[in-house]
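Participant: A single structure is presented below for examination.
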Amino acid sequence: MPAGRYPEFAVECKTGERSVSPSAIYFKARTPIPVFYQTHLGAQDFMHVSSGIRVLPFHRLASELNLP
């Protein structure tokens, strides 16, 4: 990766909204990426406290990131 260019966030897309993916937790623990999201098509929006991964509906993620 070129100097000075680092990912700002990572996103994992799931169909379910109940639990955080073990692979997302594993990946977050091993990378310097500061923000992790797990998005879904449901309604729940919560922070998985022990991992620091935010789980939220896709429409909310798109709105917060100013995606069209």
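None of the figures in this text is laboratory data; all of them are computed from the coordinates on show. This one's a predicted model, so the numbers in the text were calculated from it and none came from an experiment. Neighbour counts are summed over all protein chains in view; Cβ atoms, including those assigned to glycine, are modelled from backbone coordinates with ideal geometry.
Participant: Roughly how big is the chain's charge dipole about its Cα centre, with Cβ charges of +1 (Lys, Arg) and -1 (Asp, Glu), in debye to the nearest 20?
Facilitator: For this selection, approximately 160 debye.
Participant: Given the Cα-Cα distance of GLU64 and PHE27 and 0.36 nm per residue of separation, how much length would full extension add, in nm?
Facilitator: 11.1 nm
Participant: For region 22-68, which trypsin sites (Lys or Arg not before Pro) are in a loop by DSSP, counting at most 14 other Cβ atoms within 10 Å?
Facilitator: Listed in order of number, the matching sites are ARG30.
Participant: Could you put TYR26, TYR37 in order, starting from the residue whose Cβ has the fewest other Cβ atoms within 10 Å?
Facilitator: Fewest-to-most ranking of TYR26, TYR37: TYR26, TYR37.
Participant: Would you mind calculating the relative contact order of the chain from Cα pairs under 8 angstrom and at least 6 residues apart, reporting the percent as a whole number?
Facilitator: Computed over the chain, the figure is 30 percent.
Participant: What are the semi-axes of the equivalent ellipsoid for region 9-64, taken as the square roots of 5 times the Cα gyration tensor eigenvalues, largest first, in whole Å?
Facilitator: Details: eigenvalues 61, 28, 17 Å².
Output for region 9-64: semi-axes of 18, 12, 9 Å.
Participant: Non-local amide H neighbours of GLU12 (under 5 Å, H modeled in plane, Pro and chain starts lacking H): which ones?
Facilitator: Residues meeting the criterion, in which the H sits 1.01 Å from N, are TYR37, GLN38, THR39.
Participant: What is the fewest-to-most order of PHE46, PHE58 by other Cβ atoms lying within 10 Å of their Cβ?
Facilitator: PHE46, PHE58
Participant: Separate question: Looking at the chain, what % of its DSSP beta bridges pair antiparallel, to the nearest 5?
Facilitator: 25 percent
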